[in-house]
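Take a look at the structure set out below.
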Amino acid sequence: MFAELIARACSAAIHVVTGARALWVGCAPSSEHRVYYGNHASHGDFVLIWSSMPPALRRQVRPVAAAEYWQRDSLRRYLIDAVFNGVLVEREAGNRHQDPLQVLRDAVDEGCSLILFPEGTRNIGDEPLLPFKSGIYHLARQRPELEFVPVWIDNLKRVMPKGRFLPLPLLCTATFGTPLRLQADEDKAAFLARSRQALLALAPNGGRA
């Protein structure tokens, strides 16, 4: 119960701070098995996508997060485990105890949808979107029933730019596009290019400044 109250408070806070709104332009919220994948520029990205879900879906839509960051202290562990029901993956290959792809497969096989960021790290440069890592392709190949929904997050990294202690009053949006699936005989390069382009197509001006 306490974790649920914190979850509601987090959702309310991000809407108050950012004026966040969800634009479902290519699909509607659904209990279908999905991977919501977005551009990654802020630690608040997955919270914005997660809080855009109807409350009844949030426990089934699990953010994929870096174990190295979220296991640093007890507060972070509580938030990612009890509040956000996150799926933790170990990004540092030399210290891994589990295959990250297996962790994702296990979550999907338990009936959950995922939120992940195929760039693999926060984009703090001028490019609108970094190249996608291959994990999203391998998950699509091994679980072809999954729908992959692009979600473009606009303005969130400008709300709390580096060096500021108070957020800027800017409107943030999470735009949900049309779901896609891995096509028959589609190779890795083609799928990564197609899924990346589907995400860029949701950005204002195609991601160009």
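Selection of the stretch 106-125 for residues being farther than 13 Å from residue 49 by Cβ and in contact with a Phe, Trp or Tyr (Cβ under 7 Å, 6 or more places away or on another chain) yields 118, 119.
Being open to solvent by 90 Å² or more (accessible area, probe 1.4 Å), at pLDDT below 95 and not aliphatic (A, V, I, L, M) is the requirement here; does residue 155 meet it? No; evaluated as a whole, the condition is false for this residue. Scanning the stretch 162-182 for residues that are in a loop (DSSP other than H, G, I, E, B) and small (Gly, Ala, Ser), we see that the one that is modelled with the lowest pLDDT is 163.
Take the conditions (1) over 16 Å from the mean Cα position of the chain (by Cα); (2) of a type outside the set (S, T, N, Q); (3) assigned to a strand (DSSP E or B); residue 127 misses just one of them, which is (3). Answer with yes or no whether residue 29 is touching a helix residue (DSSP H, G or I) at 6+ places or on another chain (Cβ under 9 Å) and within 20 Å of residue 104 (Cα to Cα). Taking the combined requirement at face value, the residue does not satisfy it. State whether one or more residues within the stretch 91-100 are assigned to a helix (DSSP H, G or I), more than 23 Å from residue 179 (Cβ to Cβ) and open to solvent by less than 20 Å² (accessible area, probe 1.4 Å). No - not one qualifying residue is present in the stretch 91-100.
Between 30, 42, the distinction of being of a type in the set (Gly, Ala, Ser) and under 12 Å from the mean Cα position of the chain (by Cα) belongs to 42 only.
Look through 72, 122 and report the one residue that is over 15 Å from the mean Cα position of the chain (by Cα) and open to solvent by 40 Å² or more (accessible area, probe 1.4 Å). The match here is 72. For the stretch 125-146, filtered to residues that are modelled with pLDDT of 95 or more and among the hydrophobic types (A, V, I, L, M, F, W, C), the residue that is most open to solvent (accessible area, probe 1.4 Å) is 132.
Of these, 48, 79, which one is surrounded by 15 or more Cβ atoms within 10 Å (Cβ to Cβ), in a helix (DSSP H, G or I), touching a helix residue (DSSP H, G or I) at 6+ places or on another chain (Cβ under 7 Å) and modelled with pLDDT of 85 or more? Before you say what the answer is, go through the steps one by one.
Numbers: 79 fails: touching a helix residue (DSSP H, G or I) at 6+ places or on another chain (Cβ under 7 Å).
The conditions single out 48.
The values are calculated or read from the model by the stated rules, or taken from the named source; none is laboratory data. Every value quoted in this text rests on a predicted model; they were computed, and no experiment measured them. In this analysis, Cβ positions are derived from the backbone assuming ideal geometry, glycine residues included, and neighbour counts consider all displayed protein chains. The accessibility values were calculated without ligands, DNA or RNA, using every heavy atom of the protein model including side chains. Shrake-Rupley method; radii C 1.70, N 1.55, O 1.52, S 1.80 Å.
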